[in-house]
Amino acid sequence: MNLLKFFRWSGLASAATNYRFVAKNILYFDLETQKSADEVGGWGNISKMGMSIGVTCSSASGEYKIYGEKKVDELIKDLQRADLVVGFNNLRFDYEVLHGYTSFDLAQLPTLDMMVELQNTLNHRLSLDSIATATFGVEKTAEGLQAIRWFKDGKLAEIAEYCCYDVKLTKLVHEYGRQHRQLHYANRFGKKMTVPVRW
């Protein structure tokens with residue numbers, strides 16, 4: 001699907017389901033890092049990776065906010081104010097990155113990690129890309145290692161655009177699951193599969 005058409009379509013989809021979120025401020029969230037796992041001594045040191053850019057989208061205001069590292073405290077406060085934080089692998093990754101900046105245990109926040117929920121159902125992990133491709137016919141525009149290369153090149157605008165796109169996909173996946181009680185994904189053989197969701 002053409003990206004411009006996709007965003008026009010997704011805007012309509014959001015408008016159709018916004019009534020569900022009137023009573024809550026759901027904060028959709030994603031971040032990118034400055035360093036890779038290899039650069040910090042492995043996946044056990046996620047808190048040392050450093051945030052390059054974080055992005056949130058509020059269901060209450062519809063506003064996207066972009067946070068550089070200097071605004072990480074503001075990001076953490078916004079997450080703490082939310083009625084629900086929704087992300088994809090945010091419990092095991094994004095929150096761990098932020099734990100490099102705060103002693104507050106972000107896992108205590110009301111959180112829906114869609115990757116964890118799907119893994120609990122399927123007993124294996126899904127990528128956001130496989131869901132977006134099978135459900136909406138679109139793909140992610142880049143990947144995490146590319147965002148790290150952009151950071152090293154000082155290309156923060158490119159990181160922000162990529163991160164905003166991932167937050168948009170996260171929001172659409174969550175809304176689609178709420179509306180249809182299921183999501184689609186491509187299995188390792190490329191076959192389109194369906195998984196029920198309960199959020």
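The values are calculated or read from the model by the stated rules, or taken from the named source; none is laboratory data. Because the structure is a prediction, the values reported are computed rather than measured. Cβ sites come from the backbone with ideal geometry, for glycine too, and all protein chains shown count toward neighbours. These accessible areas exclude ligands, DNA and RNA; they are computed on the full protein's heavy atoms, side chains included. Shrake-Rupley method; radii C 1.70, N 1.55, O 1.52, S 1.80 Å.
Couple of notes before you dig in:
- Among residues of region 53-92, those that are farther than 26 Å from L118 by Cα, assigned to a strand (DSSP E or B) and out of contact with any Asp or Glu (no Cβ under 9 Å at 6 or more places or on another chain), counted: 2
- Here region 150-187 is the region considered, the condition is being in a loop (DSSP other than H, G, I, E, B) and within 21 Å of D30 (Cβ to Cβ), and the residue that is least open to solvent (accessible area, probe 1.4 Å) is G154.
- Residue count, region 51-62 (criterion: surrounded by fewer than 20 Cβ atoms within 10 Å (Cβ to Cβ) and modelled with pLDDT of 95 or more): 1
- Given (1) of a type outside the set (A, V, I, L, M); (2) in contact (Cβ under 8 Å) with a residue 24 or more places away in the chain; (3) open to solvent by 50 Å² or more (accessible area, probe 1.4 Å), index of the condition G190 fails: (2)
- Looking only at region 74-127, and only at residues there that are β-branched (V, I, T) and open to solvent by 20 Å² or more (accessible area, probe 1.4 Å), the one that is farthest from R188 (Cα to Cα): T102
- Residue within region 101-123 that is among the aliphatic types (A, V, I, L, M), out of contact with any helix residue (DSSP H, G or I) (no Cβ under 7 Å at 6 or more places or on another chain) and part of a loop (DSSP other than H, G, I, E, B) present: no
- For V138: the one exception among (1) at pLDDT 90 or above; (2) over 15 Å from the mean Cα position of the chain (by Cα); (3) open to solvent by less than 20 Å² (accessible area, probe 1.4 Å): (1)
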